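Read the structure below first, then the notes.
Here, each number is a calculation from the coordinates, and none is a lab measurement. Only a predicted model underlies this, so the values are computations on that prediction, with no experimental measurement involved. Glycine also receives a Cβ, built like all others from the backbone with ideal geometry; neighbour counts cover every protein chain displayed.
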Amino acid sequence: MPDDETGAESVTFPTARTTSDFASNLERVRARIDAALDRVGRPRGEVQLLPVSKTVPEDRLRHAVAAGCTVLGENKVQEAKRKWQELSDLDVSWSVIGHLQTNKAKDVAEFAAEFQGLDSVKAAEALDRRLQALGRSLDVYAQVNTSGEDSKYGLAPEDVIPFLRTLPDYGALRVRGLMTIALFSADVERVRPCFALLRGLRDEARDLDLVGDGGLSMGMSGDFETAIEEGATCVRVGQAIFGARATSDEQYWPSGGSASEKA
């Protein structure tokens, strides 16, 4: 399931092209976030909205930033780096999401403010080495495969605690929490257990002081309200903000979870 696919229902999102369009879409999404928080008695302001801007051209991103998007998420390192360079005059930071090929660690270390998708010691070593050389640090979320699907990257639930125990060895990485991509289904009650599982793992890891702030990055355009009900602190939303995407998500999350996936 891509990082901003509709998920829970089939919805056509209109394309935002002006600052006003983006402001309206952001207002609608934030209202849905607040309503979900209200339903479960959580305080408003507890959830970060991470707009996922993959495939969106830079001219439109300028309008999104003008409308209030100060952090943008991207799945492909090359695309993120290009946008970081071309929008360097704007006050915006970049979150790289998903499995990382170690040969892209140098680029992520150079420009990213956050990496959501850490799932191996090999990736941790590569990022830490590059960050140390640059004198930088990086916020990271460990990615967990909560659906058990072979097509998804991420740690198996039983491997999460052992993996987190290794991360203090990498001083340039600041562990902020856990991240997951839930089951792609219109049945909310099939999706919900993915989020509940991540929350339980986070609670266990937090009791052991292994996840920093204990953040939960989960939920996308079609299921973020369910994720919030289950404790999400960050939701990754693309199409509900930017509009339907013409480019196939297979270019970002190829089936099979093979090493050919491009971060």
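A few remarks follow.
- Label-point separation, Glu158 to Asp203 (7 Å along Cα→Cβ), nm: 2.2 nm
- Structure-based [θ]222 nm, the chain - -39500 (n - 2.57) summed over DSSP H runs of at least 4, per residue, nearest 500: -11000 deg cm²/dmol
- Rounded, prolate or oblate (a/c below 1.5 giving rounded, otherwise prolate when a/b exceeds b/c) for segment 19-246 by Cα gyration tensor: oblate
- Counting neighbouring Cβ atoms within 10 Å and putting the fewest first, the residues Arg62, Arg28 line up as Arg28, Arg62.
- Fewest-first sequence of Ile181, Ile33 by Cβ atoms within 10 Å of each Cβ: Ile33, Ile181
- Whether segment 56-154 is rounded, prolate or oblate, judged on the alpha carbon gyration tensor where a/c under 1.5 counts as rounded: oblate
- Cβ-based charge dipole, the chain, positive-most Cα from Pro57, Pro157, Ile241: Pro57
- Mean Cβ count within 10 Å, highest first, over the residues of peptides 70-81, 216-227: 216-227, 70-81
- The phi-based Karplus calculation (6.51 cos²θ - 1.76 cosθ + 1.60; θ = phi - 60°) puts the 3J(HN,Hα) values of segment 210-215 at 10, 10, x, 5, x, x Hz, whole numbers, x for Gly and Pro.
- Here the simple spin-label model places points 7 Å from the Cα toward Cβ, and for Thr166 and Arg190 these points are separated by 3.3 nm.
- By other beta-carbon atoms within 10 Å, ranking Ser53, Ser20, Ser185 with the fewest at the front produces Ser20, Ser185, Ser53.
- Where trypsin sites (Lys or Arg not before Pro) fall in DSSP loop in segment 115-216, at most 15 other Cβ within 10 Å: Arg136
- Glu114 long-range amide H proximity, modeled H, under 5 Å: Trp94, Val96
- HN-Hα J in Hz across segment 137-154 - Karplus 6.51, -1.76, 1.60, θ = phi - 60°, x for Gly and Pro: 10, 9, 6, 9, 10, 7, 8, 10, 8, 7, 8, x, 7, 5, 6, 10, 7, x
- Note on the chain: GNM, Cα springs under 10 Å; of Ala23, Ala232, Ala133, the largest mean-square fluctuation is that of Ala133.
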